Structures are given as structure tokens and as C-alpha cells.
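J.: Sharing a structure, written as C-alpha cells. Questions coming.
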Amino acid sequence: AECAACPRGSASGGGATACSECALGYYSVTEGASACTQCPGLTTTPQPGAVSADQCAPACAPGTASVSGLEPCEPCDIGTFADTAGATVCEQCPAGSAAPSTESAECQVCQPGSFAGGAGAGECVQCSEGTY
């Protein structure tokens, strides 16, 4: 028996027993590819297994998200963030941190002497006198 070529949209390294579908943001134009090619710049694919660079589309910038991860995108709300391009959801800031503005790419850790009440906080609150 001969080795079979991987179909477009997938790839395999030497000695592989199966082809791997190209991940999000990658494509494979030819059959028998040994690796998938990454989309250029801030572009990604709408789903895994892309077969052409034409399927690479502008991704949501960090701090924004959409159902597909592609433009058009919505800014993350206060208390949420998206730290990567192509985000499909904005995550709540973990307890002890906050995102005080919309379109946050990261949460700010509360400084000593302040706190954020639970996940998804929009601000760190200063401890009152007599507390820490």
C-alpha cells in the first residue's frame, strides 16, 4: 500500500498516521502539504481547514470580539477583555483585577490597598480608612 496525500486544508509531517486539519488562522492550498501556512498580518480564517489565502479575513483586534472572530467586531464591555486578535468572546476580568474602559486587551491588577469585588470588575476600589 502507498501513503495517501493529505487533502487541501490539512497537512502532516513525515511518518504521520493521519492528516491534521489546518488550525484557525492557517490554510493549505495543495494536496500532500507537510505544513499549513499562516494567514498574513492580523487576519484569520472563519473555521479550521481553510484551503486558500482568500479565506483569510481581517480579525477582531485585541479588546474586541465577534461570533466568528472576524470583522465587524464589538468592543469588549467594561470589566471584560480580549487579549488576542480574532477573539470570539470577551472574558470577564478575574477577581483582584479590573478593566475600567471598553475595548480592553488586558485587565489591570488592583494595587495594594485596593480591591475589585469579584470577577468582571470595572474598577479597583481603594480600601477605606482602618482597612487594608
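J.: Report ³J(HN,Hα) in whole Hz for each residue of the stretch 24-30, in order, from the Karplus equation J = 6.51 cos²θ - 1.76 cosθ + 1.60 where θ = phi - 60°; Gly and Pro get x.
T.: 3, x, 10, 8, 9, 7, 10
J.: Sequence gap at least 6, Cα distance under 8 Å: using those rules, report the relative contact order of the chain to the nearest whole percent.
T.: So the answer I get is 16 percent.
J.: Given points 7 Å out from each Cα along the Cα-Cβ axis, report the residue 71 to residue 105 separation in nanometres with one decimal.
T.: Between residue 71 and residue 105, the label points sit 1.6 nm apart.
J.: Right, something else. Using amide H atoms built 1.01 Å from N in the peptide plane, name the residues 5+ places from residue 76, or on other chains, whose amide H lies under 5 Å from its own.
T.: When sequence neighbours closer than 5 places are left aside, the close amide H contacts are 64, 65, 103, 104.
J.: Follow-up question, since we're still on this one. When the Karplus curve 6.51 cos²θ - 1.76 cosθ + 1.60 is applied with θ = phi - 60°, which whole-Hz ³J(HN,Hα) does each residue of the stretch 82-95 get, with x for Gly and Pro?
T.: 9, 8, 10, 6, x, 5, 9, 9, 8, 8, 6, 5, x, 3
J.: At q = 0.12, 0.19, 0.22 Å⁻¹, what is the log10 ratio I(q)/I(0) for the chain, with the Debye formula run over Cα points and no solvent?
T.: Scattering profile of the chain, log10 relative to I(0): -0.60, -0.92, -1.06.
J.: Turning to a different aspect of this structure: Roughly how many nanometres apart are two label points built 7 Å out from the Cα toward the Cβ at residue 114 and residue 126?
T.: 1.0
J.: Can I ask one more? Looking at 58, 121, 12, which one has the Cα that reaches farthest to the positive end of the dipole of the chain (charges on Cβ: Lys, Arg +1; Asp, Glu -1)?
T.: Of the options given, the answer is 12.
No value in this document is a laboratory result; all are computed from the given coordinates. All of these numbers come straight from a predicted model, not from anything done at the bench. Here the Cβ is made from the backbone with ideal geometry for all residues, glycine too, and neighbour counts use every protein chain on show.
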